[in-house]
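Here the structure comes first, spelled out in structure tokens, and everything after it is commentary.
The values are calculated or read from the model by the stated rules, or taken from the named source; none is laboratory data. Bear in mind the structure is a predicted one, so any value in this text is a computation, not a measurement. Glycine gets a Cβ as well: all are built from the backbone with ideal geometry, and neighbour counts include every protein chain shown.
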Amino acid sequence: MAQGEIIAGFLAPHPPHLVYGENPPQNEPRSQGGWEPLRWAYERARASLDEMKPDVLLVHSPHWITSVGHHFLGVRQLSGKSVDPIFPNLFRYDFSLEVDVELAEACCEEGRKAGLVTKMMRNPNFRVDYGTITTLHMIRPQWDIPVVGISANNTPYYLNTKEGLVEMDLLGKATREALRKTGRRAVLLASNTLSHWHFHEEPAIPEDMSKEHPQNLAGYQWDMRMIELMRKGRMREVFKLLPQFIEESFAEVKSGAFTWMHSAMNYPELAGELYGYGTVIGTGNAVMEWNLRKAGQSLLGGGSSTASGSAYDGHRASLVD
Ligand SMILES: [Fe+2]
């Protein structure tokens, strides 16, 4: 069996506007473009991913919400039409994807062993959420790499941020262990926007970029502060500030994908490559990559790969308020 590897992790936000602006054949609505700097950022991320040749893409999406536990797509072939319930005028996308069920089952099992409630999603007619689809389309529009889709349990919202993120830390460790045991070479995708204050009215022409800007100053300044730390590889500080960032900028990273991804990567103090930043209906979106292979930190060695440098120190009980 090949040695497991986490080649890289991407911060890969999912505003459906990016798919709408691109006009791929799978999406029904047509646009005149829009949000180009963010779409060009994804073009650079696509080129980087293309060189990695991973076996599988794992994506955690805030818009597949499961009230009980963390769920994993568990049907080998899924197809259908994914619609954004907030922006059905922009996103009605015919998807067809292949799931790495064996890896998904391993993630599910390792999560259970870590003390999480986990479940496989076996409905063959399941309509995959627009967050998962948008992130996957934007990073790999060819749809030729199997995926593992992971739901958002939303514990950060039902309970509190700290307890929810500790669950995501455990989910990340479980994912890492599953990759080690299955020998997959993987790329992780955190489907998250940064600051999430947004406008409540859409322009008459949604792609009218003269109307696009940060919804408020505080959100923008928080995004810049966090991105600057990430660009410098000061990830410990990022995670220390994360609860305050979430609180003060309504950041979507609250839903956990960002923490899950960095936990799975063992919280590397590694500079992220910023491909671009832009707003979508006022929210802050960054496309960034942490390349563990280039840093010589990608291979998952023998024995348990449980992270030792966790920002949460792995002590769940002591972190719960
Ligand atoms: Fe979202």
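Cβ-Cβ distances below 6 Å connect no pair with a first residue in the range 4-20 that is free of Cβ contacts under 8 Å to residues at least 40 places away in the same chain, a second residue that is of a type in the set (D, E, K, R) and within 13 Å of the ligand (Cβ to nearest atom), and a separation of six or more residues or different chains. Within this structure, R231 passes the test of being away from the ligand (no atom under 16 Å from the Cβ), surrounded by fewer than 18 Cβ atoms within 10 Å (Cβ to Cβ), touching a residue at least 40 places away in the same chain (Cβ under 8 Å) and under 23 Å from A45 (Cβ atoms).
Taking the numbered list (1) within 16 Å of the ligand (Cβ to nearest atom); (2) at pLDDT below 95; (3) more than 18 Å from H60 (Cα to Cα) in turn, N153 passes all entries but (3). Of the residues G302, G314, the single one that is more than 22 Å from I139 (Cβ to Cβ), in a loop (DSSP other than H, G, I, E, B), modelled with pLDDT of 50 or more and over 15 Å from the mean Cα position of the chain (by Cα) is G302. Among all positions in the range 58-73, there is no residue which is at pLDDT 95 or above, of a type in the set (G, A, S) and out of contact with any Ser or Thr (no Cβ under 9 Å at 6 or more places or on another chain).
Of the helices (runs of 4 or more DSSP H) entirely within the range 110-189, those holding at least 1 residues that are aliphatic (A, V, I, L, M), farther than 25 Å from V19 by Cβ and in contact with a strand residue (DSSP E or B) (Cβ under 9 Å, 6 or more places away or on another chain) occupy 161-182.
For beta carbons closer than 9 Å, sequence separation of 6+ or different chains, a first residue in the range 79-99 that is without any contact (Cβ under 8 Å) to a residue 24 or more places away in the chain and a second that is among the acidic types (D, E), the qualifying pairs are S79/D94.
When you scan the range 169-215, how many residues do you find that are crowded, with 24+ Cβ neighbours inside 10 Å and within 16 Å of the ligand (Cβ to nearest atom)? Final tally of qualifying residues: 7. If you filter the range 245-294 down to residues that are within 30 Å of E110 (Cα to Cα) and among the polar types (S, T, N, Q), you find that the one that is nearest to the ligand (Cβ to nearest atom) is S255. For the range 1-52, the set of residues classified as assigned to a loop (DSSP other than H, G, I, E, B), small (G, A, S) and touching a Gly at 6+ places or on another chain (Cβ under 7 Å) consists of A2, G4, S31, G33, G34, listed by residue number. Kindly establish whether M226 is free of Cβ contacts under 8 Å to residues at least 40 places away in the same chain, under 23 Å from T135 (Cβ atoms) and in a helix (DSSP H, G or I). Spelling it out, M226 is indeed free of Cβ contacts under 8 Å to residues at least 40 places away in the same chain, under 23 Å from T135 (Cβ atoms) and in a helix (DSSP H, G or I).
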